[in-house]
Amino acid sequence: MVEILPTLPLWVDVTAISTTAIYGAATARSRNVPVAETLFAGILGGAAGGMARDVLLGL
């Protein structure tokens, strides 16, 4: 079996993680969450989004 996409380019990885982190932080701020928890939500959202994408793509 031939591997079509062995790894993602770095710019795709950084863009995807940044997008999910910004979305998590924006959601937290729209619910009037304090700044420290907003940062935590952004970091958690970025990490979880990156891991979910890797699992779904089988990377």
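So the values come out like this:
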{"item": "Residues of region 26-46 classified as of a type in the set (A, V, I, L, M) and modelled with pLDDT under 80, total", "result": "1"}
{"item": "Tally, over region 32-43, of residues that are open to solvent by 100 Å² or more (accessible area, probe 1.4 Å) and under 19 Å from T19 (Cβ atoms)", "result": "3"}
{"item": "Subset tally (residues that are open to solvent by 60 Å² or more (accessible area, probe 1.4 Å) and out of contact with any helix residue (DSSP H, G or I) (no Cβ under 6 Å at 6 or more places or on another chain)) for region 10-22", "result": "6"}
{"item": "Unmet requirement for L5, which otherwise passes all of (1) outside any loop (DSSP other than H, G, I, E, B); (2) modelled with pLDDT under 80; (3) open to solvent by 50 Å² or more (accessible area, probe 1.4 Å)", "result": "(1)"}
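The values are calculated or read from the model by the stated rules, or taken from the named source; none is laboratory data. Computed from a predicted structure; not experimentally measured. Cβ sites come from the backbone with ideal geometry, for glycine too, and all protein chains shown count toward neighbours. Surface accessibility is based on the protein's heavy atoms, side chains included, excluding ligands, DNA and RNA. Shrake-Rupley method; radii C 1.70, N 1.55, O 1.52, S 1.80 Å.
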